[in-house]
Amino acid sequence: MAGANPFQSLLKEINVNGETFHYFDIASFPEYRELPYSVRVLLESAVRNCDNFQVLEKDVRGILRWKQLKGTPTSDDELEIPFKPARVILQDFTGVPAVVDFAAMRDAVLKLGGDPDRINPICPSDLVIDHSVQVDFARSEDALAKNQDLEFERNKERFTFLKWGAKAFNNMLIIPPGSGIVHQVNLEYLARVVFQDAKEGAERMLYPDSVVGTDSHTTMINGLGVVGWGVGGIEAEAVMLGQAISMLLPEVIGYKLVGKLNPLVTSTDLVLTITKNLRQIGVVGKFVEFFGPGVSELSIADRATISNMCPEYGATVGYFPVDKNALDYLRQTNRAEEKVRVIEAYLKATDQLRDFGNAEQDPVFTQIVELDLASVVTSVSGPKRPHDRVAVSEMHEDFCQCLINKVGFKGFAVPEAEMKAEGSFSWTDGKTYSLRHGSVVIAAITSCTNTSNPSVMLGAGMLAKKAVEAGLKVAPYIKTSLSPGSGVVTYYLKESGVIPALEELGFNVVGYGCMTCIGNSGPLDDNVANTIEKNNLVCCGVLSGNRNFEGRIHPNTRANYLASPLLVIAYALAGTVDIDFEKQPLGTRPNGSAVFLRDIWPTRQEIQTVEQKHVIPAMFRDVYEKVELGSSSWQGLNAPTGKLYPWDTQSTYIKRPPFFDGMTRDLPTIGNIVNARALLNLGDSVTTDHISPAGSIARNSPAARFLSERGLTPRDFNSYGSRRGNDDIMARGTFANIRLVNKLVARPGPRTLHIPSGEEMDVFDCAQRYTSEGTPLIALVGKDYGSGSSRDWAAKGPYLLGIRAVIAESYERIHRSNLVGMGIVPLQYLAGQNAESLGLTGQELFSIAIPANCKPHERITVSTDCGKQFEVIVRFDTEVDLEYFRNGGILNYMIRKMID
């Protein structure tokens with residue numbers, strides 16, 4: 001049981017603004033000043049929460065030994081530590097399943113004789129509804145209003161359910177739809193930087209803000225000096241219920257920034273450079289902490305842009321400690337001055353306020369990497385991965401090479417006879433337009449951090465204004481859209497006078513949630529889509545987002561490039577990515593003279609002058625003053641009351657999940673996996689987009705058939721993301737990506753082979769058939785399995801399909817944790833081995849002996865019916881992982897804990 005805190009003697013007082021606060025003086029430890037600033041936050045959490053039950057005194061001592069354990073790249077001692085974040089943030093797509101699970105857990109606790117009221121968030125949880133519908137009204141003056149109306153029409157049931165959850169569960173704040181994207185609202189409004197706890201009857205405590213979130217881009221908050229990262233919804237729910245996260249003490253890579261950016265380079269160019277660099281170094285599972293004099297040259301928005309790409313370079317966090325710029329940002333975003341003074345006083349008292357120009361403050365790092373900002377050039381990334389950076393000056397050559405390369409991350413294998421393929425179509429303006437390889441058909445300034453960084457957003461507006469003044473236009477068939485990260489962006493774009501020019505080029509504000517970057521661009525015109533398909537063209541999407549994985553953006557854009565908002569407009573004006581901006585003009589002026597990109601590109605100084613004038617605290621005050629009230633549509637929703645949710649068995653949106661059906665108080669017996677079939681045999685870089693799509697529901701898919709059988713037409717299918725509260729839909733959507741490459745079948749798509757019969761089937765239908773035959777399932781996969789968004793359904797879906805184990809070359813951190821959380825065994829080939837090297841086809845029968853007393857990273861044997869045996873590593877990384885597995889998953893563990 002919990003006991004007294006052994007570090008109570010470190011409790012000190014501090015007086016600020018005439019008020020007395022308490023804090024733990026972690027800076028008094030002799031080892032403290034050598035610790036990276038990010039590790040200091042882990043230390044403080046362990047000290048403050050030390051009760052010798054969940055957090056032990058030896059855990060604190062272990063973190064203090066960071067230099068000995070992780071201070072060099074050759075230090076490979078692993079230490080498991082607990083971490084209790086200060087709060088949890090939920091994004092709509094994963095917030096709905098979390099509330100669904102909480103509601104179902106209450107039902108299960110009641111059924112097992114416990115008190116359902118114990119299922120309540122203990123640490124604060126913020127839920128931001130940033131979902132948006134498909135953008136069907138781009139280039140419409142009232143696009144925003146139409147999209148928001150359609151959003152409520154399609155998602156009323158989900159919104160009503162969440163409104164019930166806000167009343168039914170304590171300590172939960174919901175930010176209504178239309179307010180902004182989750183990580184931007186977190187940065188501008190929700191982040192505390194330092195908590196100033198004032199619980200009734202308790203001492204007023206100061207401690208660092210820290211957060212885990214069900215959005216993988218929770219890491220954006222690292223740019224403001226808040227340690228936070230994405231977790232699966234399953235793990236987040238346990239944290240909300242008071243469970244500490246069990247993690248390995250991380251290596252910390254020190255990323256030193258020196259020099260200054262070229263005046264024509266943007267923060268997007270910088271982040272794409274860093275992303276490629278860190279992906280090459282290999283930082284999966286590690287912390288990256290930025291330091292050096294170059295950091296002072298970056299605004300908080302620039303830092304947040306870098307931190308936001310953390311999932312793309314693979315680190316757990318991309319951390320910028322708090323400095324004077326961060327405190328100034330709090331003031332700029334309308335945080336109260338008295339609170340900023342408290343934050344500053346606490347950080348100084350605990351040596352957590354950073355001066356990036358003072359090398360004496362530099363801590364010890366596992367490894368140091370250096371980047372001269374002056375070396376950064378204008379860049380994009382693509383055509384299929386965010387870390388495949390291409391200098392814009394090399395884009396023409398790179399794209400042409402991609403066309404002829406064999407199919408892969410940098411290749412489309414276009415036959416030589418089709419290299420000059422071209423198709424024409426008529427438009428409503430009476431003109432005929434042509435498409436060829438490289439033609440841009442989607443150009444979207446999307447709602448990620450790039451679209452909330454004033455420097456690149458104002459830069460895009462200024463570029464648009466110069467383009468319009470030069471007489472340039474965007475072809476009408478290109479689907480253009482602007483979906484800012486928050487209402488503040490629209491505010492300063494209007495105040496700076498660039499909105500008319502953006503709208504003239506087709507970049508109308510269409511909403512504030514996840515749109516093109518998540519596949520919600522809406523349909524292309526039939527003439528455009530038909531021309532692409534008929535001529536087998538490699539057409540392109542250009543977006544200012546974070547992700548461009550295959551099949552994510554749109555089925556008709558085989559190539560997708562990440563770019564700054566300025567370059568999104570530039571490529572839209574050009575109409576193609578197959579262009580050399582130095583040599584080829586964007587278009588011509590009315591007098592016939594050529595307009596080059598350099599003629600309309602604003603400098604960094606020009607942009608900063610406008611930013612300083614127009615991005616002011618009053619904007620943040622006006623936008624966020626009433627954010628919790630929501631729109632009249634939100635206020636008018638009538639939600640059910642009561643502690644237990646009244647489930648509608650006919651609902652196709654909200655359904656009680658089957659995860660707890662048949663659950664007992666006693667632990668289940670751990671059994672071996674005998675004579676399992678491989679449902680899939682996949683290669684490298686299979687993302688959560690491949691496993692659990694969040695985009696549109698294909699009309700010929702199992703999910704579409706399910707909805708059609710219930711009387712819904714394709715217009716009402718909505719998206720997988722919108723229906724994440726219904727397991728029937730999500731199970732059918734698992735592995736439903738049209739770009740999935742399964743080695744058991746000949747062509748890409750959501751198909752697999754029922755091995756005993758030799759029949760090719762949809763993945764869901766095949767899994768159902770195996771289930772009816774009593775056959776357990778596994779999946780064979782390659783490197784970086786589960787990279788991308790931190791989707792809980794990428795683990796829940798396989799669980800519902802009957803997959804009991806995955807054998808991979810390596811895992812993305814969050815996805816491995818999610819598999820454990822659902823009771824799926826993550827197994828890893830030994831170094832240098834994979835399915836191919838072992839001669840596995842995926843058509844074997846597999847038997848896996850799982851020891852009853854299994855240990856973390858234990859080696860076990862996999863046997864096949866063809867006589868092959870091989871060893872794998874059980875990727876239970878901690879004892880806590882094992883405890884969750886023994887319970888059948890993390891939520892089952894929490895339920896049993898609640899009824900003890």
For this session: Determine, yes or no, whether Arg677 is basic (Lys, Arg) and over 30 Å from Leu780 (Cβ atoms).
Result: no
Exercise. Residues of the stretch 12-24 being in a strand (DSSP E or B) and in contact with a helix residue (DSSP H, G or I) (Cβ under 9 Å, 6 or more places away or on another chain), which ones?
Worked result: Lys12, Ile14, Asn15, Val16, Glu19, Phe21, Tyr23, Phe24
Exercise. So Arg875 clears everything in (1) open to solvent by 40 Å² or more (accessible area, probe 1.4 Å); (2) farther than 24 Å from Leu248 by Cβ except one condition, right? Which one?
Worked result: (2)
Problem set entry | Scan of the stretch 758-781 for residues that are small (Gly, Ala, Ser) and open to solvent by 60 Å² or more (accessible area, probe 1.4 Å), ordered by number | Ser772, Gly774
Exercise. Does Asp784 meet the test of being at positive phi and surrounded by fewer than 24 Cβ atoms within 10 Å (Cβ to Cβ)?
Worked result: yes
Exercise. Cβ-Cβ below 9 Å, separation at least six or inter-chain, first residue in the stretch 616-640 and closer than 28 Å to Asn453 by Cα, second in a loop (DSSP other than H, G, I, E, B) and among the charged types (D, E, K, R): which pairs?
Worked result: Pro617/Arg335; Phe620/Arg335
Seminar exercise, completed: In the stretch 715-751, anything farther than 15 Å from Val686 by Cα, surrounded by fewer than 18 Cβ atoms within 10 Å (Cβ to Cβ) and either at pLDDT below 90 or not assigned by the TED database to the domain that holds Arg699 (or both) is listed as Arg715, Asp716
Exercise. For Arg813, are the conditions met, namely being among the basic types (Lys, Arg) and either open to solvent by less than 50 Å² (accessible area, probe 1.4 Å) or at pLDDT below 95 (or both)?
Worked result: yes
For this session: Please specify each residue of the stretch 330-342 satisfying the condition of being open to solvent by less than 10 Å² (accessible area, probe 1.4 Å) and touching a residue at least 24 places away in the same chain (Cβ under 8 Å).
Result: Leu330, Thr333, Val342
For this session: Just name the residue that is farthest from Cys539 (Cα to Cα) out of those in the stretch 394-423 that are touching a residue at least 60 places away in the same chain (Cβ under 8 Å) and of a type in the set (A, V, I, L, M).
Result: Met395
Exercise. Which residue out of Gly423, Gly382 is on the phi > 0 side of the Ramachandran plot and either modelled with pLDDT of 95 or more or in contact with a Phe, Trp or Tyr (Cβ under 8 Å, 6 or more places away or on another chain) (or both)?
Worked result: Gly382
For this session: Would you kindly identify the helices (runs of 4 or more DSSP H) lying entirely within the stretch 587-661 that contain at least 1 residues that are within 22 Å of Lys465 (Cβ to Cβ)?
Result: 597-600, 604-614, 617-624
Exercise. Within the stretch 736-752, can one find any residue that is assigned to a helix (DSSP H, G or I) and either closer than 19 Å to Ala676 by Cα or touching a Ser or Thr at 6+ places or on another chain (Cβ under 6 Å) (or both)?
Worked result: no
Exercise. Only one of these conditions is not met by Leu472: (1) under 28 Å from Asn591 (Cβ atoms); (2) open to solvent by 30 Å² or more (accessible area, probe 1.4 Å). Which number is it?
Worked result: (2)
For this session: Within the stretch 561-576, identify whether any single residue is surrounded by 22 or more Cβ atoms within 10 Å (Cβ to Cβ), more than 25 Å from the chain's Cα centre (by Cα) and over 22 Å from Ala421 (Cα atoms), and answer yes or no.
Result: yes
Seminar exercise, completed: Condition set of a type in the set (Gly, Ala, Ser) and at pLDDT below 90, scope the stretch 484-506, selection surrounded by the most Cβ atoms within 10 Å (Cβ to Cβ): answer is Gly485
Problem set entry | Residue that is without any contact (Cβ under 8 Å) to a residue 40 or more places away in the chain, open to solvent by 10 Å² or more (accessible area, probe 1.4 Å) and touching an Asp or Glu at 6+ places or on another chain (Cβ under 8 Å), where the choices are Leu327, Leu353 | Leu353
Exercise. Do you know which residues across the stretch 340-366 are of a type outside the set (Asp, Glu) and touching a helix residue (DSSP H, G or I) at 6+ places or on another chain (Cβ under 8 Å)?
Worked result: Val340, Ile343, Ala349, Thr350, Gln352, Leu353, Arg354, Phe356, Gly357, Pro363, Val364, Thr366
Exercise. So which residues in the stretch 47-98 are buried (at least 20 other Cβ atoms within 10 Å of the Cβ), among the aromatic types (Phe, Trp, Tyr) and more than 30 Å from Trp793 (Cα to Cα)?
Worked result: Trp66
Exercise. Only one residue in Val369, Val364, Val340 is part of a loop (DSSP other than H, G, I, E, B), within 22 Å of Ser296 (Cβ to Cβ), assigned by the TED database to the domain that holds Ser267 and not charged (D, E, K, R), so which one is that?
Worked result: Val364
For this session: Output the residues belonging to the stretch 577-608 that are open to solvent by less than 30 Å² (accessible area, probe 1.4 Å) and either among the hydroxyl-bearing types (Ser, Thr, Tyr) or touching a strand residue (DSSP E or B) at 6+ places or on another chain (Cβ under 7 Å) (or both).
Result: Val577, Leu586, Gly587, Val595
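The values are calculated or read from the model by the stated rules, or taken from the named source; none is laboratory data. Worth saying up front: this structure is predicted, and the values here are computed from it rather than measured. Quick reminder, even Gly has a Cβ in these numbers, built from the backbone with ideal geometry, and neighbours come from all protein chains shown. Surface accessibility is based on the protein's heavy atoms, side chains included, excluding ligands, DNA and RNA. Shrake-Rupley method; radii C 1.70, N 1.55, O 1.52, S 1.80 Å.
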